[in-house]
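The values are calculated or read from the model by the stated rules, or taken from the named source; none is laboratory data. Quick caveat, the model's predicted, so the values are computed rather than measured. Backbone-built Cβ (ideal geometry, glycine too); neighbour counts: all protein chains shown.
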Amino acid sequence: MSTHDEMHPDHGDEHGDIEEVHATLKGYLTGFVLAAGLTIIPFWLVMGGVFTKSGPADAFILLLAAVQIVVHAIYFLHMNTKSEGGWNLLALIFTLVLVVITLSGSVWIMFHLNDNMMPMTLQQARNLP
Amino acid sequence: MADTTLPLSSGGTTEPLQFHVAEEPHPPNGTLLGFWLYLMSDCLVFACLFAAYGVLGREYAGGPTGAQVLELPTVALNTTLLLLSSITYGFAVLEMQRNHQRPMMLWLTVTGLLGAGFVALELTEFAHLIEAGNGPQRSAFLSSFFTLVGTHGLHVTCGILWLIVLMVQVSHKGLIPANKRRLMCLSMFWHFLDVIWVGVFSFVYLMGVLP
């Protein structure tokens, strides 16, 4: 594989690989500043004890994480609708669908499994093996 | 595709007709797309581990809770190291695009050191937990915690090994197209690990210490 590539440095896909990605200093710095901000805010909120209830805090932290993942994908992973002829994005969307099904499905089902357990008396709990 | 067309002039041509494509018709950027597909499948591995943690993360079995054992200052430092290593890898890619080998190697070294610092801090954290009797066998929460965070740490370790191998290759053969392509693959891998870490510190650490 490698010897083949090195023997034909002007082979079609070699150029495409490198030229496709146009990484710029501005892009990386923008991504870094955004990511740093989106990291510092939730750490500050939790370590500073700003939240009193965990419900809205969880939602807010997850929202910031989702935004930061998008920032990483755009500025660091150079994702856009045109990269790799759109196949990149298609694979990502497919994966996200599977991830959402896995995560929400697992939590949903396992949460309800606890509800369906046999009621246990204190006496039974003491005699557990 | 061009080989499948019939020649219009039949007289005197010695070239035999070809009804198949002589070369493998692969799309441009085949390697990077293939590597992206690997990253997506890796994403599914982490999704399963996140799901396991989501289900088991509050099952303490009478053991310590997340708020008791997770140290946020360490995690904040770890996050900083990983985010910094992401941007230094970005700088290395910029130097690679300009074909400046020496500064690129310098940035790659910085990236590797930051990654090594991350792994070292994480191992220290694990060692403290296990020393205090809060190893992965203590409760379902700690089992899923060690599995998820440990798998990420293992990925970072593999990334560092790959980085070292690539630096040796570049120092031997220079910035040839094949090496550039490999560096771009590792770039995707490294940034991908940072993306996973965003999920880890948000979902495991920050949400874990909340009441």
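Need pairs with beta-carbon distance below 7 Å; first residue within 15 Å of B:LEU193 (Cβ to Cβ) and within segment B:83-95, second outside any helix (DSSP H, G or I); sequence gap 6+ or separate chains.
So the pair list comes out as B:GLY90/A:ALA23.
Return yes or no: is B:VAL168 assigned to a helix (DSSP H, G or I), at negative phi and free of Cβ contacts under 8 Å to residues at least 12 places away in the same chain? Spell out how you get there, then give the answer.
On the way: assigned to a helix (DSSP H, G or I): yes; at negative phi: yes; free of Cβ contacts under 8 Å to residues at least 12 places away in the same chain: yes.
Against the criterion (assigned to a helix (DSSP H, G or I), at negative phi and free of Cβ contacts under 8 Å to residues at least 12 places away in the same chain), B:VAL168 qualifies.
Of these, A:SER106, A:SER83, which one is of a type in the set (S, T, N, Q), within 22 Å of B:GLY57 (Cα to Cα) and over 15 Å from the mean Cα position of the chain (by Cα)?
A:SER106
Across segment B:35-74, which residue is nearest to the chain's Cα centre (by Cα) among those that are among the β-branched types (Val, Ile, Thr) and more than 8 Å from chain A (Cβ to nearest Cβ)?
Of everything passing the filter in segment B:35-74, B:VAL45 is nearest to the chain's Cα centre (by Cα).
Can we say A:ILE74 is more than 10 Å from every other protein chain (Cβ to nearest Cβ) and surrounded by 12 or more Cβ atoms within 10 Å (Cβ to Cβ)?
yes
Would you be able to tell me the number of residues in segment B:77-99 that are surrounded by fewer than 17 Cβ atoms within 10 Å (Cβ to Cβ) and either at pLDDT 95 or above or of a type in the set (Lys, Arg) (or both)?
Summing the residues that are surrounded by fewer than 17 Cβ atoms within 10 Å (Cβ to Cβ) and either at pLDDT 95 or above or of a type in the set (Lys, Arg) (or both) in segment B:77-99 gives 2.
How many of the residues making up segment B:129-142 are out of contact with any Leu (no Cβ under 7 Å at 6 or more places or on another chain) and touching a residue at least 40 places away in the same chain (Cβ under 8 Å)?
Summing the residues that are out of contact with any Leu (no Cβ under 7 Å at 6 or more places or on another chain) and touching a residue at least 40 places away in the same chain (Cβ under 8 Å) in segment B:129-142 gives 5.
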